[in-house]
1. In Å², and per residue, what accessible area does the chain have when probed at 1.4 Å with the other protein chains present?
2. Would you mind listing how long segment 35-88 runs along its three principal axes, going by Cα atoms, in whole Å with the largest first?
3. Normalized C-alpha radius of gyration of segment 80-160, against 2.2 N^0.38 Å?
4. Which of these, L53, L29, L179, has the largest mean-square fluctuation under a Gaussian network model of the chain (Cα springs below 10 Å)?
5. Who wins for biggest fluctuation among T182, T50, T165 in a Gaussian network model of the chain, springs between alpha carbons below 10 Å?
6. For the chain, count all C-alpha to C-alpha pairs, find those more than 34 Å apart, and express that count as a whole percent of the total.
7. Would you please give the residues with an amide H less than 5 Å from that of A192, counting only those at least 5 places away or on a separate chain, with H modeled from the backbone geometry?
8. Over the chain, what is the mean sequence separation of C-alpha contacts under 8 Å (at least six apart), divided by residue count, expressed as relative contact order in percent?
Amino acid sequence: MTSPQGFLGFWETTGSAKTFTHPLDPALLEEYVPRDARVLDYGCGYGRLTAELAGRGYRSVRGVDVSAALIARGRREHPELDLLRWGGFPLPFEDGSFDAALLFAVLTCVPGDADRSAIAGELGRLVRPGGVLYLSDVPLQGDAFHQERYRLCAERYGTYGVFGTPDGGVFRHHPPELLRQTVRAAGFALLAERRGPVPTMDGLTAERVQLVARKEPAVADTP
């Protein structure tokens, strides 16, 4: 998955052949998302987690990604899945169409603030009141390697935490509080937060943050 507004070229070429490694936490998922839930896997890539959800008994899962190359790969590798390539917003679903949405290692692929907010806002539209958003991402890291990478790239990209990779990718590690603020601004109330190490696509290990949040009911206008 990449931002609808930029950096798509990487995911249509080099990035489309990558092996994604950001893992699902089955216990956390099952605590908040029942198997009969209508689930949207946004930024699904080639359907890796979409397929895992189906394998775990989730019967109504849609995968959506902006990259045509990744969706084409997903359809080859998982022809049984319901995968959709859609390049912008709004997505072709009615308000409240889903009981849950997954956003896994997606915002790290979105360097821009406006694109990040747009993604979260669209999921806020699509998840019904009382439904949940399950976000897992790699925030700013505290180790020397990552901090030096951020420092070297900050002048080029204009934002601390944005960095490029030798194969042409551009990524961002957000402050955890910015991720929480993004979720809240989209109409979700935080329910749970988890931390732990995960493998990255380039063979490193990073600390991730998982957020589970419930969509709050709309506030009725007072006469």
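The values are calculated or read from the model by the stated rules, or taken from the named source; none is laboratory data. Note that the structure is a prediction, hence the values are computed from the model and not measured. Just the protein is used for accessible areas: all its heavy atoms, side chains included, with ligands, DNA and RNA removed. Shrake-Rupley method; radii C 1.70, N 1.55, O 1.52, S 1.80 Å.
1. Heavy-atom accessible area per residue stands at 44 Å².
2. Dimensions of segment 35-88 along the principal axes of its Cα atoms: 29, 23, 12 Å.
3. After normalising by residue count via 2.2 N^0.38 Å, the value is 1.37.
4. Answer for the Gaussian network model of the chain: L29.
5. Ranking T182, T50, T165 by mean-square fluctuation puts T165 first.
6. 9
7. V212
8. So the answer I get is 20 percent.
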